[in-house]
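Down below is the structure, laid out as structure tokens.
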Amino acid sequence: MSVSLRLWGGIEERRIAGASWPASLPKKGKTTIILRCLDRDEPAKPTLALEYTYGRRTKGHNTPKDIAHFWELGGGTSLLDLISIPITYDTLRTFSVVLVLDLSKPNDLWPTMENLLQATKSHIDKVIMKLGKTNSKAASEMRQKMWSVMQKDHPDRELIDPFPIPLVIIGSKYDIFQDFDPEKRKVICKTLRFVAHYYGASLMFTSKSEALLLKIRGVINQLAFGIDKSKSICVDQNKPLFITAGLDSLCQIGSPPVPDSDIGKLQAHSPMELWKKVYEKLFPPKSISTLKAIQDPARDPQYAESEVDEMRVQKDQELEQYKRNSSKTWKQIELDS
């Protein structure tokens, strides 16, 4: 909730919100994806907090340009409160979410994905509820639109819970992931396929490969500018997954990758919880404190400025001295009393 991006396209504005991982973790490629979509040949920089950029697309001669607005969230689970800035009452109806997950960090994958999606969904539900109080018709249309990704005769229609707005899940660093043990790849692929299908989301893997980046660019352009949606699909775990929303099925995904004898021992109240337990059995999550850790931007060497840094050190020292003096003063007051 990576997580993400947001865009406007066509006659009305479209927004894509993107989620990311903690800034202290290695780069996942969110900024690279955005730059590639905007045809910008410049080095990607780490994302700090919530960053904004935009792109334009011309439909034809003497026609207004469509504008795509991108909001990129850094800090992962530590900055979830910032989700409320781009996703608002006024923007929700044309908003999409792109969640970028680092495939090379499987132990961090589920908790980061879960926290970002739950926080985003909770905020969106509140905004829809607020919308319903003033415009019940618009709120009702949004809820109906959630199901548009799934064909009416799809066998899983009654078994899923579509995300309130369009959602795309991107697994980055496939070049590292492809060298994982086959069984580990199988668990990660099946799990992400289940989560994406359950939420009515598209799922795709990418890396530095130009061919994969072009496919991702096509998906982003579809969200941003309303161009035709890709009908291609790849569910082979030995290749980069590419599954457009609504084209997968629980039958094709199969059951959680765990022996039948073990499934009965796992206590779960829902299919999502069962998949979570199976996944975390193989990839135990790191501690909450580790996931929420975020580097102090003031100490990031990328933004070093000698004069500013020297003044910061001086002020830090003055603050510490003030704290010590204040502590002594309060102790003296207590003694006097």
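The values are calculated or read from the model by the stated rules, or taken from the named source; none is laboratory data. Computed from a predicted model, the values in this text were never measured in an experiment. A quick note on method: Cβ atoms are made from the backbone with ideal geometry, for glycine too, and the neighbour counts reach across all protein chains shown. With ligands, DNA and RNA removed, areas are computed over all heavy atoms of the protein, side chains included. Shrake-Rupley method; radii C 1.70, N 1.55, O 1.52, S 1.80 Å.
Here are some notes:
- Odd one out for SER122, checked against (1) within 18 Å of SER202 (Cα to Cα); (2) of a type in the set (Gly, Ala, Ser); (3) open to solvent by 30 Å² or more (accessible area, probe 1.4 Å): (1)
- Close pairs (7 angstrom Cβ cut-off, 6 or more residues apart or separate chains): surrounded by 17 or more Cβ atoms within 10 Å (Cβ to Cβ) and in a helix (DSSP H, G or I) in the stretch 272-285, modelled with pLDDT of 90 or more and polar (S, T, N, Q) anywhere: TRP275/THR191; TYR279/THR191
- Top-ranked residue in the stretch 72-94 [being of a type outside the set (Asp, Glu) and part of a loop (DSSP other than H, G, I, E, B); ranked as modelled with the lowest pLDDT]: GLY75
- Screening ALA245 on (1) at pLDDT 80 or above; (2) farther than 19 Å from ILE160 by Cα; (3) surrounded by 15 or more Cβ atoms within 10 Å (Cβ to Cβ) shows it passes everything except condition (2).
- Flag for TRP110 being aromatic (Phe, Trp, Tyr), over 21 Å from LYS276 (Cβ atoms) and under 24 Å from the mean Cα position of the chain (by Cα): no
- Considering each residue of the stretch 215-226 in turn, none proves to be among the small types (Gly, Ala, Ser), at pLDDT 85 or above, within 21 Å of the chain's Cα centre (by Cα) and open to solvent by less than 20 Å² (accessible area, probe 1.4 Å).
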